[in-house]
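Working notes, structure below.
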Amino acid sequence: MEELYCIGCGALIQTEEKEGVGYTPQSALEKGLETGQVYCQRCFRLRHYNEISDVNISDDEFQILLHSVGESDALVVNVIDIFDFNGSVIPGLPRFVSGNDVLLVGNKKDILPKSVKDGKVTQWLAERAHEVGLRPVDVLLTSAQNKYAIKDLINKIEHYRKGRDVYVVGVTNVGKSTLINAIIQEITGDKDVITTSRFPGTTLDKIEIPLDDGSYIYDTPGIIHRHQMAHYLSAKQLKFASPRKEIKPKTYQLNPEQTLFLAGLGRFDFIAGEKQGFTAFFDNELKLHRTKLEGATEFYQKHAGSLLVPPTNTELEAFPDLVRHEFTITEKTDVVFSGLGWIRINGVAKIAAWAPKGVSVVTRKAII
């Protein structure tokens, strides 16, 4: 029997090992062969019931897959989450791509407030890319979910690939497979060919999409980035780290020695400075709570899982401790909680930002 691959995640189909990658029951396989749409059980459940089952793939395997990108003469389409640039940078990508052209795609444009101009975001992305050693041939903003600028993306890919293969790379949760689905739909009319979800690590092996001239677009697995908030949240909580709608910024007038809790997922302390407005850019459903800095740690310990949700009580034991990061701010700056959102500081301030252990907190020139 010839080898069959799941068209959702790219895993090799097998009917023997229930817990293994690519498992599908024999009856489902036969049905899939009739329709020409063979999915593994994991992808089938994800697509139809929004159920996720964990598949263990080592970091080494991801590294090997990424090395294959560097060994080929190809256009690399690097998909970045605009909402979480720092959390969606692939460590060492400039080294992996080995001189191949990189087209940088800022996805999830629909999440940013409409007042933000495309030109400003594009320039900001290019500057951030240069800081991490990437020299993209072009930068494009898209929304895979809203099918925004998909034709533009197809045209740019065609322009820059010059007859070569195309590798689409990105860390988990940036919307990479959704973007490829949108491209396929635009070209062929087929909807939702590749399994997409908010869950880290949905694509298990590179998926080949043939092009008319004999070249391929390869969808690679999402590279695991350990600093993303998504890796510390349950399936139910992931919506707070993956907003689906335009963010409505909220401004809080804070006095020194006041604290803002980001539900139970983070904390922002205004330690010293003039009273001022701090603007929060997070998922619209994330509950923010203002309190005094004095006693804030005890407040968190008492209310995490009740007043400060998420995390919930049952998940609290497994949730990492919050780690403190202190900054002195002198100009308009964003304090970014990787994978969750950011707080814009307008004036001079001494602040502390707390995030779960393992999740990075960084400052950047304000994007808005």
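Here, each number is a calculation from the coordinates, and none is a lab measurement. Just so it is clear, the structure is predicted and the values come from calculations on it, not from any experiment. A quick note on method: Cβ atoms are made from the backbone with ideal geometry, for glycine too, and the neighbour counts reach across all protein chains shown.
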For this session: Provide the per-residue ³J(HN,Hα) series for the stretch 343-353, in order, calculated from phi with Karplus coefficients 6.51, -1.76, 1.60 and θ = phi - 60°, each as a whole number of Hz, with x at glycine and proline positions.
Result: 10, 8, 10, 8, x, 5, 7, 9, 9, 10, 10
For this session: Take residue 159, project a point 7 Å from its Cα along the Cβ direction, then tell me which residues of the stretch 125-142 have their backbone nitrogen under 11 Å from it.
Result: 138-140
Exercise. Once amide H atoms are placed 1.01 Å from N in the peptide plane, what residues at a sequence separation of 5 or more from residue 148, or on another chain, have their amide H within under 5 Å of its amide H?
Worked result: 143
Problem set entry | Karplus 3J(HN,Hα) series, Hz, for the stretch 180-187 with 6.51 cos²θ - 1.76 cosθ + 1.60 (x for Gly, Pro) | 5, 4, 5, 5, 4, 4, 5, 7
For this session: Can you work out the PRE-style zone for residue 325? Point 7 Å along Cα to Cβ, and I want the residues of the stretch 75-91 with backbone N under 14 Å.
Result: 84-89
Problem set entry | Exposed-site-free run, longest, the chain (rule: GluC sites (Glu not before Pro); DSSP loop; at most 15 other C-beta within 10 Å) | 72-245
Exercise. Of 108/239; 151/245; 248/302; 176/239; 250/332, which pairs sit farther than 19 Å apart, going by alpha carbon to alpha carbon?
Worked result: 151/245; 248/302
Exercise. If you average the sequence gap of Cα pairs under 8 Å that are 6 or more apart and divide by the length of the chain, what percent do you get for the contact order?
Worked result: 14
Exercise. Quick one: helix 59-70 against the long Cα principal axis of the chain, what's the angle to the nearest 10°, folded into 0 to 90?
Worked result: 70
Seminar exercise, completed: Expected vector for the stretch 171-178, Karplus 3J(HN,Hα) from phi with 6.51, -1.76, 1.60 and θ = phi - 60°, integer Hz, x for Gly and Pro, equals 6, 4, 6, 8, x, 5, 5, 4
Problem set entry | Ratio of Rg to Rh over the stretch 103-145 (Cα coordinates, Kirkwood Rh, two decimals) | 0.97
Seminar exercise, completed: Projected convex hull area of the stretch 59-225, Cα atoms, direction-averaged, in nm², equals 8.8
Exercise. Which Cα, out of 211, 175, 280, lies furthest along the positive dipole direction of the chain (beta carbon charges, K/R +1, D/E -1)?
Worked result: 280
Problem set entry | Loop trypsin sites (Lys or Arg not before Pro), the stretch 107-173, which have at most 11 other Cβ atoms in a 10 Å radius of their Cβ (DSSP) | 114, 117, 162
